[in-house]
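Heads up, the thing below is written out as structure tokens.
The values are calculated or read from the model by the stated rules, or taken from the named source; none is laboratory data. Quantities reported herein were computed from a predicted structural model and do not represent experimental measurements. With ideal geometry, Cβ positions are generated from the backbone for all residues, glycine too; neighbour counts draw on all protein chains shown.
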Amino acid sequence: MIKALRTLLVAGLLALPSVAMADDQPMDPALREQAKRAVDDGLHFLRQTMKEDGSWANSVGVTALALRAFLTAHRGYAESDGAFITQPVQFLLYNVRKDGAISESVKNGNYNTATAIFALRATGNPAYGETIDNASKYLRGLQIDEDDGYEPDHKYYGGVGYGGDERPDLSNMYYALEALRAAGVAADDPVWKKALSFVSRSQNRSESNDQPWAANDGGFTYMPGYSPHGGTGSYGAMTAAGLISLIYAGVDRNDPRIQAAWSWMLDHYTLDDNPGAKKKQGLFYYYAAFAKVMSAMGETTVTDSKGATHNWRNELATKLLSMQDKTDGSWINPYSSRWWEGIKPLTTARAVIALNLAIQ
């Protein structure tokens, strides 16, 4: 019963609103089989490196992403398969706090709680319903609004940060919105409208961004008026995060904000780096967000601004296969360890999550 429910729920979580025509070219069958084997090898690495307490890196966030990699894989793993699923679940539950957060620390409350919500929801186990509801209330409580002394015209209004710091950012916003959607928060809840204020103010689109710094390339930056890669320029990871945030919040695909962001991604289509970022920082974060956007947009074959045609499923799988350590099945960012991408369990989880979407 639980396994059947889990399968239904995971399908619903991953089936983002279709905003384009059905896939016009399937993934190459031989490559799909290679990708499945790569997923199996990556998950085997994760299973072998799980700590006795069920965690990876002693982190709720990393553990939740690794658990998500298992639960969304082609094998259909569930709690009934054993300790490599149940122990990570118990680690997440052990870190549930009285305020609803699921986190081993205060400063990463949003990121940890958001990733944990998705993982617990993906189990399909109704026993975690109350925990998920309380966690979603915690996330909504982190959103900056009038109760925090911010009026709707403030650049931070509607945003969410790590929890424990005082500035919101688009990355945490994206994780929070994904979690709230997974938790089943109603479409008319004020959290979505407030979130759109912040998301829109993180986009380089002056027609919908009232901030004076905004340019007009349609991409997104890390937070209103700031990029960790310099200035206020758009870059791949945040443009993918911003676009998918708009979709999570219920924005129609014909909305000019989505169209502008989609055009940016096609203008900067690449899997060789995180476009616009320094030294390939956040590369695996980009791969996972890229896969979510491409899956949500509903097209397998896309044409970039130079007229080149790309089957993103084939190309993403080929890229990730080329970067996998064949000795242990893991992935790591060989160019930059920034944002924890020097930690194999994290990058491996992100790679598997991306492949899971590619081979659907």
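Data overview
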| quantity | calculated |
| --- | --- |
| Candidate set from segment 62-86 (those that are surrounded by fewer than 18 Cβ atoms within 10 Å (Cβ to Cβ) and free of Cβ contacts under 8 Å to residues at least 40 places away in the same chain); member that is nearest to Met173 (Cα to Cα) | Thr86 |
| Residue selected from segment 271-327 under the condition at positive phi and at pLDDT 95 or above, by the criterion surrounded by the most Cβ atoms within 10 Å (Cβ to Cβ) | Gly282 |
| Some residue of segment 98-109 being at negative phi, surrounded by 24 or more Cβ atoms within 10 Å (Cβ to Cβ) and part of a helix (DSSP H, G or I) | yes |
| Meets criteria (within 20 Å of Tyr138 (Cα to Cα), outside any loop (DSSP other than H, G, I, E, B) and polar (S, T, N, Q)) for Thr115 | yes |
| Residue match in segment 220-234 (condition: among the β-branched types (Val, Ile, Thr), assigned to a helix (DSSP H, G or I) and buried (at least 24 other Cβ atoms within 10 Å of the Cβ)) | no |
| Given (1) without any contact (Cβ under 8 Å) to a residue 12 or more places away in the chain; (2) buried (at least 23 other Cβ atoms within 10 Å of the Cβ), number of the condition Ser202 does not satisfy | (1) |
| Helices (runs of 4 or more DSSP H) wholly inside segment 241-323 that include at least 1 residues being closer than 19 Å to Phe198 by Cβ | 256-267, 283-297 |
| Residues (crowded, with 17+ Cβ neighbours inside 10 Å and either not polar (S, T, N, Q) or not in a helix (DSSP H, G or I) (or both)) located in segment 124-140 | Gly124, Asn125, Tyr128, Ile132, Ala135, Tyr138, Leu139, Arg140 |
| Search result, residues across segment 156-198 that are more than 13 Å from Gly141 (Cα to Cα), assigned to a helix (DSSP H, G or I), among the basic types (Lys, Arg) and in contact with a Phe, Trp or Tyr (Cβ under 9 Å, 6 or more places away or on another chain) | Arg181 |
| Scope segment 324-341; condition closer than 14 Å to Asn274 by Cβ and part of a helix (DSSP H, G or I); matching residues | Arg338, Trp339 |
| Filtered residues of segment 57-75 (kept if part of a loop (DSSP other than H, G, I, E, B) and β-branched (Val, Ile, Thr)) | Thr72 |
